[in-house]
Every structure is written in C-alpha cells, then in structure tokens.
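Okay, structure first, notes after.
The values are calculated or read from the model by the stated rules, or taken from the named source; none is laboratory data. The model shown is predicted, which means the values in this text are computed figures rather than measured ones. Ideal geometry is used to build each Cβ from the backbone, glycine not excepted, and the neighbour counts take in all protein chains shown.
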Amino acid sequence: MILRSGIHNPDMIPITSTIAIDEDEIQLEFVRASGPGGQNVNKVASAVQLRFDVAGSPSLPDDVRARLTRLAGRRMSKEGVLVIDARRFRTQEQNRQDAIDRLVALIRRAATKPKRRRKTRPTAASRMRRLERKRRRGAIKRLRKPARHLEE
C-alpha cells in the first residue's frame, strides 16, 4: 500500500485505494477447532479468532464505520469489536489468511456507498391499468354470486 507520504508500508493491509488498516489494529487468537482432523484437532490450535476494534479504529472513515457496524450484525460486540471466527481449514496459516480476507471483504462492502433512492410516482397509464384490473376482478367475483330474485 502506498501511503500519502509515498512510502510503502508492509504493516498495512490494503482495503481500497483510500483505506488501509494497520496490522496492529487486529488481534489474532488461535484456538482449538472442532470438526475433522483426527488426533491433530485435539493437539493443535488451528482455528483463528480475529478481533478488530471498529469503534476505535483511526483507519476507518465515519460513514464506513457506521455501514460496517450494520453489516457485521451479530459478529459485532457491544463495545464495537468485530469478531471473525475462521476454522474452515486445517492449518493455522490458512485460517489466519481466511479471517483477514473475510475482514477485508466485509470492510470493502461497507466502503461502497449505497445508491440514493429516488422517489418515483406511478404513471397515469399504470394507475389506469391497475384500476381496470381491479374492475375486471370485481366483475368476475360478482358473476360467481348467485343471482338474487326480486320477490315482492
């Protein structure tokens, strides 16, 4: 990642052309994983739990932070820490890379601004078509009713 000073910083994880997070902002904890792996699963802590303090990160703009908090859902703690569990692979390194890749993908999704909704109104022709369909449907239902005889 080329920073504003023009110096390539290897400790930064590039997200977009304008956003990069420092590796020091991420805490990785290795835990034992469940699932396949035989005896290895009982001995090696291959699953990764990645923690990223979204609320306290100086790398994220406020709008991205707000969208990321909404996108994260249950993965976000009350303190504003994003927790990603990676246990898909059998090796620590693959799970570590998977967790970082998932974090980057989530932040990229949060970095894209949603399109503003423009208010639209139905056209006169579409309103007429709708009312005509309603009239036809009502007529069909009226025809299903038994005819009433006027007995006086």
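Could you list all residues from segment 54-64 that are acidic (Asp, Glu) and either surrounded by 15 or more Cβ atoms within 10 Å (Cβ to Cβ) or without any contact (Cβ under 8 Å) to a residue 24 or more places away in the chain (or both)?
Listed by number, the list holds a single entry, ASP62.
For segment 94-113, state whether one or more residues are at negative phi, at pLDDT 80 or above, in a loop (DSSP other than H, G, I, E, B) and out of contact with any Lys or Arg (no Cβ under 7 Å at 6 or more places or on another chain). Show your work before the answer.
The initial filter retains those residues of segment 94-113 that are at negative phi, namely 94-113.
Add one more test, that the residue is at pLDDT 80 or above, and what stays is 94-113.
Now restrict to residues that are in a loop (DSSP other than H, G, I, E, B): 112-113.
Narrowing the set further to residues that are out of contact with any Lys or Arg (no Cβ under 7 Å at 6 or more places or on another chain) leaves 112-113.
Checking segment 94-113: at least one residue is at negative phi, at pLDDT 80 or above, in a loop (DSSP other than H, G, I, E, B) and out of contact with any Lys or Arg (no Cβ under 7 Å at 6 or more places or on another chain).
Might you let me know whether segment 77-87 holds any residue that is among the hydroxyl-bearing types (Ser, Thr, Tyr) and at pLDDT 85 or above?
No, the conditions are met nowhere in segment 77-87.
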